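Participant: One structure, pasted below without further comment.
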Amino acid sequence: MPGEYVHRPVLLEECIQALNIQPEGIYIDGTLGRGGHSAEIARRLTGRGRLICIDRDQQALEEGSLRLAPWAERICFLHGNFAQLPALLDQAGVDQADGMLFDLGVSSPQLDDPERGFSYMHDAPLDMRMSRDDSLTAWTVVNQWPREQLRRILSQYGEERYAGPIAAAIVRSREAGPIETTGQLVEVIRSAMPAAALREKQHPAKRSFQGIRIAVNDELTAISQMMQGAIPRLRTGGRLAVISFHSLEDRIVKSELAAAAKGCDCPPEFPVCVCGKKPLVKLQPRKPILPSAAELAENPRARSAKLRCAEKL
């Protein structure tokens with residue numbers, strides 16, 4: 001139930017330190033969630049300080065706004081996908097920001113709400129939409145997408161080594177009738193996997209659910225668009241902090257930051273630069289920041305988190 005969840009924002013102190021918050025600065029939390037990171041940003045703002053909170057999940061905005069009520073006078077809440085970040089900032093009347101934070105992937109409250117259909121641990125309708133305004137659901141992906149397309153998303157997005165047999169099993173099962181719930185889907189996935197795989201520590205449906213969820217929400221495209229939209233809207237000296245939770249997310253963040261930090265993209269054999277591109281950011285630090293042992297003991301869900309940070313030049 002809403003309100004019962006004890007929210008533990010991942011890498012909280014590390015994010016606050018990375019953002020180097022100025023009391024009268026303008027900050028963006030592009031993935032509000034339940035407001036844990038935003039609360040720590042907001043409490044550090046004074047005077048003209050302003051925080052823009054964005055989320056594609058209307059429920060997150062509603063619950064987050066309750067948590068952030070003590071600082072409501074300096075917060076603007078926007079419903080939208082961070083893939084459209086420049087348009088959202090225009091909507092808020094923000095030209096450039098002093099800092100931006102993005103906590104990628106599905107939020108813990110979404111996972112823990114059985115009705116949302118994200119979890120393989122609860123039997124629920126196949127949904128997996130981060131925004132209930134979106135039309136594409138997991139039901140459509142599972143029951144209507146062609147076998148080869150299913151295999152591709154399970155393999156590429158879920159990094160599932162049994163993607164082929166699982167896609168084939170889904171197609172066979174739905175020929176007898178639609179796969180309606182997460183519980184049904186879990187059983188279909190189990191049926192397609194060898195006994196050795198079923199004995200592994202990781203839940204057999206974890207990778208497949210990840211692949212379907214990423215496809216439903218077009219998450220990887222959104223991350224790339226967000227990174228390309230965020231850097232130009234940071235003012236000089238502004239900070240960008242991005243938390244990722246699996247290799248596909250981190251690969252995009254790392255690649256976009258590396259390109260922005262490199263600047264010149266001329267072929268190595270060119271004796272001089274002809275593209276004229278200058279570095280846009282400085283990586284701070286160069287390596288990702290990982291959760292401490294203490295945080296992992298308190299919040300096991302943080303174990304795969306990586307924080308990458310950069311400063312606008």
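Participant: Any residue in segment 138-167 that's free of Cβ contacts under 8 Å to residues at least 12 places away in the same chain: show its pairings with residues that are part of a helix (DSSP H, G or I) and open to solvent by 50 Å² or more (accessible area, probe 1.4 Å) at Cβ separation under 8 Å, as long as the two are six or more apart or on different chains.
Facilitator: Listed pairs, sorted by first residue: none to list.
Participant: Of everything in segment 137-162, what is under 18 Å from the mean Cα position of the chain (by Cα) and not in a helix (DSSP H, G or I)? Give them in sequence order.
Facilitator: Thr137, Tyr157, Gly158, Glu159
Participant: Can you name the residue in segment 120-130 that is surrounded by 22 or more Cβ atoms within 10 Å (Cβ to Cβ) and on the phi < 0 side of the Ramachandran plot and, of all such residues, is nearest to the chain's Cα centre (by Cα)?
Facilitator: Across segment 120-130, the extreme among qualifying residues is Met130.
Participant: May I pose another question? Does Ile170 qualify as being at pLDDT 95 or above, closer than 16 Å to Val216 by Cβ, of a type in the set (A, V, I, L, M, F, W, C) and part of a loop (DSSP other than H, G, I, E, B)?
Facilitator: No: the conditions fail for Ile170.
Participant: For segment 279-287, check the following and say yes or no: at least one residue is farther than 26 Å from Ala97 by Cβ and free of Cβ contacts under 8 Å to residues at least 12 places away in the same chain.
Facilitator: We begin by selecting, within segment 279-287, every residue farther than 26 Å from Ala97 by Cβ; these are none.
Taking every residue of segment 279-287 in turn, none turns out to be farther than 26 Å from Ala97 by Cβ and free of Cβ contacts under 8 Å to residues at least 12 places away in the same chain.
Participant: Inspect all residues belonging to segment 89-99 and state whether any of them is of a type in the set (A, V, I, L, M), farther than 26 Å from Leu12 by Cα and either surrounded by 19 or more Cβ atoms within 10 Å (Cβ to Cβ) or without any contact (Cβ under 8 Å) to a residue 24 or more places away in the chain (or both). Reasoning before the result, please.
Facilitator: So the first thing to find is which residues in segment 89-99 are of a type in the set (A, V, I, L, M), and the list is 89, 92, 94, 97.
Checking which are farther than 26 Å from Leu12 by Cα leaves us with none.
No, every residue in segment 89-99 fails to be of a type in the set (A, V, I, L, M), farther than 26 Å from Leu12 by Cα and either surrounded by 19 or more Cβ atoms within 10 Å (Cβ to Cβ) or without any contact (Cβ under 8 Å) to a residue 24 or more places away in the chain (or both).
Participant: Scan segment 32-45 and report the pairs whose first residue is in contact (Cβ under 8 Å) with a residue 60 or more places away in the chain and whose second residue is part of a helix (DSSP H, G or I) and open to solvent by 10 Å² or more (accessible area, probe 1.4 Å), with Cβ atoms within less than 7 Å and a gap of 6+ or a chain change.
Facilitator: Listed by first residue and then by second, the contacts come to Arg34/Glu63; Arg34/Arg67; Arg34/Pro109; His37/Leu12.
Participant: On the basis of being assigned to a loop (DSSP other than H, G, I, E, B) and surrounded by 15 or more Cβ atoms within 10 Å (Cβ to Cβ), does Ile179 make the cut?
Facilitator: Details: assigned to a loop (DSSP other than H, G, I, E, B): yes; surrounded by 15 or more Cβ atoms within 10 Å (Cβ to Cβ): yes.
The answer is yes for Ile179.
Participant: Pull up segment 54-64, narrow it to residues that are surrounded by 16 or more Cβ atoms within 10 Å (Cβ to Cβ) and part of a helix (DSSP H, G or I), then point me to the one that is nearest to the chain's Cα centre (by Cα).
Facilitator: Going through the qualifying residues, I end up with Ala60.
Participant: So Met227 passes all but one of these: (1) in contact with a helix residue (DSSP H, G or I) (Cβ under 7 Å, 6 or more places away or on another chain); (2) farther than 23 Å from Leu78 by Cα; (3) crowded, with 18+ Cβ neighbours inside 10 Å. Which condition number does it fail?
Facilitator: All conditions are met except number (2).
The values are calculated or read from the model by the stated rules, or taken from the named source; none is laboratory data. The structure presented is a predicted model; accordingly, all values stated were derived computationally and were not measured. Cβ atoms come from the backbone with ideal geometry, glycine included; neighbour counts cover every protein chain shown. The area values use the complete protein model at the heavy-atom level, side chains included, leaving out ligands, DNA and RNA. Shrake-Rupley method; radii C 1.70, N 1.55, O 1.52, S 1.80 Å.
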